[in-house]
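Asks: Structure in structure tokens, see below.
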């Protein structure tokens, strides 16, 4: 087993960033600026993860540049991550296809996974609850404007208006 190395790097705004290296893998916690200071501590290791203890700007100033240059995954609490999204994402709980199914609304663009597809709904697999899925569609998705574009988990994109017109699962709603 490789020895874990932890390097503290003092960054702009007096932020402490940490580079953890274990063998050929690395992780950065609180990626401040300048990113070059952190990248120089990797010692040839592959940066796999970039983590943030919280969402204050100094602790995340280098996140995007570091991610772009290394392809590392990022992780932080969703409550703080929302502050840094370049656009607003509304999360809609749409259980039914699975107990934890979610849909994401960005502007008038709805990403439905398998809750609602063009001309249908996702396959009913073990753990699915069709009644709950239809309630989710009726109480969450069908309340959106008809012009809402739908990007499902399978098949072509569609619109709420088109689905209300042609989707056989929505026939009772017409």
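The values are calculated or read from the model by the stated rules, or taken from the named source; none is laboratory data. These figures come from a predicted structure and were not determined experimentally. All Cβ positions, even for glycine, are placed from backbone atoms using ideal geometry, and neighbour counts span all protein chains on display.
Asks: Quick one: which of 105, 110 is at pLDDT below 95, closer than 30 Å to residue 53 by Cβ and surrounded by 15 or more Cβ atoms within 10 Å (Cβ to Cβ)? Reasoning before the result, please.
Replies: On the way: 110 fails: closer than 30 Å to residue 53 by Cβ.
After ruling out the rest, the residue left standing is 105.
Asks: Within the stretch 81-92, identify whether any single residue is farther than 30 Å from residue 19 by Cα and at pLDDT 90 or above, and answer yes or no. Give the steps one after another, and end with the answer.
Replies: Within the stretch 81-92, the subset farther than 30 Å from residue 19 by Cα is 88-92.
Next, from what is left, pick out any that are at pLDDT 90 or above: 92.
Yes, that holds for at least one residue.
Asks: Considering each residue of the stretch 100-127, count those that are in a loop (DSSP other than H, G, I, E, B), on the phi < 0 side of the Ramachandran plot and free of Cβ contacts under 8 Å to residues at least 40 places away in the same chain, and give that number. Walk me through it before giving the result.
Replies: Initially, the stretch 100-127 is screened for residues in a loop (DSSP other than H, G, I, E, B), giving 100-101, 107-108, 114-116, 118-119, 121-127.
Those left that are additionally on the phi < 0 side of the Ramachandran plot: 100-101, 108, 114-116, 118, 121-126.
Adding the requirement that they be free of Cβ contacts under 8 Å to residues at least 40 places away in the same chain leaves 100-101, 115, 122-126.
Of the residues in the stretch 100-127, 8 are in a loop (DSSP other than H, G, I, E, B), on the phi < 0 side of the Ramachandran plot and free of Cβ contacts under 8 Å to residues at least 40 places away in the same chain.
Asks: Continuing with this model, one more query. Just for the stretch 22-45: of the residues that are assigned to a strand (DSSP E or B) and within 26 Å of the chain's Cα centre (by Cα), which one is farthest from residue 56 (Cα to Cα)? Walk me through how you get there before you give the answer.
Replies: Taking the stretch 22-45 first, the residues assigned to a strand (DSSP E or B) are 22, 25-29.
Going one step further and asking which of them are within 26 Å of the chain's Cα centre (by Cα), we end up with 25-29.
Values: 25: 26, 26: 23, 27: 19, 28: 16, 29: 13 Å.
If we take residues in the stretch 22-45 being assigned to a strand (DSSP E or B) and within 26 Å of the chain's Cα centre (by Cα), then 25 is farthest from residue 56 (Cα to Cα).
Asks: Test residue 170 against the criterion of being over 23 Å from the mean Cα position of the chain (by Cα) and not in a loop (DSSP other than H, G, I, E, B), and give yes or no.
Replies: Details: over 23 Å from the mean Cα position of the chain (by Cα): yes; not in a loop (DSSP other than H, G, I, E, B): yes.
Criteria met by residue 170.
Asks: What pairs can you find where one residue is in the stretch 139-160 and at positive phi, the other is modelled with pLDDT of 90 or more, and their Cβ atoms are less than 7 Å apart, with a gap of 6+ or different chains?
Replies: 155/117; 155/118
Asks: Answer yes if at least one residue in the stretch 91-98 is assigned to a loop (DSSP other than H, G, I, E, B) and loosely packed, with under 12 Cβ neighbours inside 10 Å, and no otherwise.
Replies: We begin by selecting, within the stretch 91-98, every residue assigned to a loop (DSSP other than H, G, I, E, B); these are 94-98.
With loosely packed, with under 12 Cβ neighbours inside 10 Å added as a condition, the list becomes none.
Checking the stretch 91-98: not a single residue is assigned to a loop (DSSP other than H, G, I, E, B) and loosely packed, with under 12 Cβ neighbours inside 10 Å.
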